[in-house]
1. Considering only the range A:227-415, what is the antiparallel percent among its DSSP beta bridges, to the nearest 5?
2. For the range A:75-166, which chymotrypsin sites (Phe, Trp or Tyr not before Pro) pass both filters: DSSP loop (anything but H, G, I, E, B) and at most 16 other C-beta atoms within 10 Å?
3. Calculate one ³J(HN,Hα) per residue across the range A:296-301 by plugging θ = phi - 60° into the Karplus curve 6.51 cos²θ - 1.76 cosθ + 1.60, and present them in order as whole Hz with x for glycine and proline.
4. List the residues, sorted by chain then number, that are 5 or more residues from A:GLY46 or on another chain and whose placed amide H is less than 5 Å from its amide H.
5. Which whole number gives the average, over all residues in A:341-352, of C-beta atoms from other chains lying within 10 Å of the residue C-beta?
6. Quick one: net charge around A:ASP11, please, counting Lys, Arg +1 and Asp, Glu -1 for every other residue with C-beta under 14 Å from its C-beta.
7. Once you average over the residues of A:327-339, how many Cβ atoms of partner chains fall within 10 Å of each Cβ?
8. In deg cm²/dmol, rounded to 500, what helix-only [θ] at 222 nm does chain A give when every DSSP H run of at least 4 residues adds -39500 (n - 2.57) and the total is split over its residues?
Amino acid sequence: MSDPYILETLDNGLRIVIEQMPDVRSAAAGFLIDTGARDEVAPQAGVSHFLEHMMFKGTSKRHWRDITTDFDKLGSSYNAYTSEDRTIYYGWVRKADLDAQIEILADMMTSTLPEEEFQMERNVVLEEIAMSKDQIEHVAFDFLQEKVFEGHPLAWPILGYDETVEALTRDQMWAYFQQRYAPDNMLLVVAGNVDPNAVIKSIKGHCGQWRPSGTTSTRVPPQMKNGTNVLQMDRFKQQIVAITIPAAPAGGVQAEIASAVATILGGENSRFFWNIVQTGLSPRAAAFHYEFADTGMMLLYGSCQPENCEKLHDAMREEARRINDDGVEEHEVQRVRNRRRTSLALEAEVPYHRLTQLMDDMQYLGQPRTVDKMLSEVDQITVDSVQDYMTKFPLSAAGHLVSVGPRDWPSNASND
Amino acid sequence: MTDFVHDTLPCGIEYAVCPLPRRKVVCFQLRVLAGMVTEPADKLGLMNILSESIDKGTENYTGQQLADALDVIGASSGIGAGRETITFSCTVLPEHLERIVELQAELLRRPTFPENMLTVNLDLAKQELSTLEDDASGLSEKMMGPIAFGPLLGRHPLGEVATLDAITRQDLVEHWKKYFHAGNMLLSVAGDIDPQRVSDVFEKHFSEFGSPVKQGREAVPVKFTPQVLHRDKKLEQEQISICWPGVDARHEDFPAQQVMLGILSGGMSSRLFTEVREKQGLVYWVSAWQETPRGSGMIFLGASTTPERCDKTFHTLLHEVNRLADDITQEELDRTLTGILASQETRGDSTRSHSHEIASDLFFHGRPISPTEKADKFSRVTIDDIQRYLATHPRDKMCVVTLGPKALQQSTNTSHAEAQ
């Protein structure tokens, strides 16, 4: 069977990926802008995320109210989000409304960042930052990144800091916008029951006149720091214990293996679940493969009563050591493959999910994968390939330990 | 046009199947009609413990063996205890339907509730109760539950430390024996599957599972106690929740209520998002929603904001509710209706959504309802209907909960007349 997608690049550099899904009744479209928190300069930390908010605030064609009203007139499920290395705007609509959806999204990309809305939206972002400070997991994760990537743009929070958001000017944001939101730094993905020729014609009409900025990536791979840090916060009841260990970067078979290792270690029906959670030590203990294009980390993460920090830490380390030294069992690998098969089948029926998968593929692999291709790569994970992975990214590495909560543990750590 | 099969198996399970050709997965939901409302008053938290324990050991499997068996077929499954039901959800590739039903029957029919697993789950529940203090929105919900819904429907899933301490293995066994039988179960299935195959496999594995007589269909009454409740807590933001009675999912005014909620909080052009967030920058999060146990419905508004903006946010929320009766436009109504109908259509591409939708229909309406019939009910809602709904369901008494460093400044009685 031929690939179900069409790849095209407009003269101005805008890359387009379209996947035909003939059995569905809807379609999703989204822009991925290759910019995020790691592309900011320190005094402007948070500009990518604040800009994402401002993109809903008006264009030369639409007042902010018209943007949201026009989305809602289509009955679109739409939103936007910012990460360390991307900003995404998407809408999921009935298939007949796809052209109108692309037109609104494309118009948003030409935002005027209205001055009169800037202060009001700054308040909204400051409220979002305040909300994040009441969530211990958010606090812990920001703290972890701050320490693990110290001295690198990946160290600052996606939302920015109160001070940087308060100090940011509209002119600074405008300069960032002009540089980063250009067609040669963007990807447009469409998935659903669509006519590709009509979609390309529509995109050319809406985006063909945009000018490239010639922006180039200034990203520098981070050096992950080893160490131990504590953020003592009396206001919380529980303690978060998190260990990061270098892992494979995003894209390719090594990343699939890292993801499988995380599942075996700390997913559902995992070693963490049976040997840590189900011993009563921690209500939540999990492992994640956290990935960027140029680096990755294995995150071992748990929450516990403050008096159980040492036990939780030791238990997570012990499970990591066992996998590192003894490898994984064939039945564990098989379970990962089986689960993945079902989840991919489930995701493959929803255009919005395919949209996000295609965006991942394009950003980290440079080309889309069919669901069958994704499955064939999962099938390549074996006991031996996991063992081989461990020699490159040993789970026995010291890594970085952070502890957040009411207890000053470990006492020999750097305190904040 | 969606064709359903809706019937009752000889064993007593009421079921509905929605065949969806060319889908690659099968999703189903089994609901046992027993939730937190069935807990003895001195054993609160029992249903959550039961849901955590029921798959941790059966006559033929240890908990881990059962989890491994589910993984062998790549099944995605979950168990959740709610107010009125405990739900068992599964997604598998169609070729594994027989095996997943066999495994679900194993845990539903032959749980052993091992003592050691119960001890762990009780300990974990107590830890969760303690860490609930770190979850501002969760705490706010816990404060609102008893005053909005009353002592039965307003229970918290985790119970209390004292009631958890009182739960024994025998309690789980007795509760399971009392409520887990085929006549007390609803089943919804969606996917590329022959309905006969569904009925055959479920009948095979659930025949003679207790009484086939239908039970558990009675509504539990709400006890609404309007009041203002504040708890001081060191937080960056104040959590604000407001609640008043609405109508239940079977009420003739339910479509009007849902459209009203859409106008208030359906999309980013809705009133709360526009007036509270976009125009005044008071919040990042603001929302309106409904919760509808059988036979009742409650409307909620929620927002979180820094303490100095708390009063203004609160009064803006009330103002937006009050002016609804005066100035809904046809354009606004049309936009909201489009949102509801389009969402129904796009969600229809998800097999899991179909399964959940049918489960909800069986629970509330006693039958699956086609998307066309649902769309027709919403399409007929007019501005007059919403105004009549607002007039006949006044917001004259409310529950108001705030959690954070600052109580509402003005003396706020539970009548919202003062905000008009």
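1. Looking only at bridges with both residues in the range A:227-415, the antiparallel portion is about 75 percent.
2. Taking the range A:75-166 and a limit of 16 other Cβ atoms within 10 Å, the loop chymotrypsin sites (Phe, Trp or Tyr not before Pro) found are A:TYR161.
3. Listing the rounded values in order: x, 9, 8, 10, 9, 9 Hz.
4. A:GLY160
5. Details: counts 4, 11, 4, 3, 9, 11, 2, 2, 9, 7, 3, 3.
Mean shielding count: 6.
6. Net charge around A:ASP11: +1.
7. 3
8. On the way: 15 runs with 179 residues, N = 416.
Mean residue ellipticity, 222 nm, calculated: -13500 deg cm²/dmol.
FYI, it's all coordinate maths here, none of it is from the lab. Just so it is clear, the model here is predicted, and its values are computed rather than measured. Please note: Cβ atoms are built from the backbone with ideal geometry, for glycine as well, and neighbour counts cover all protein chains shown.
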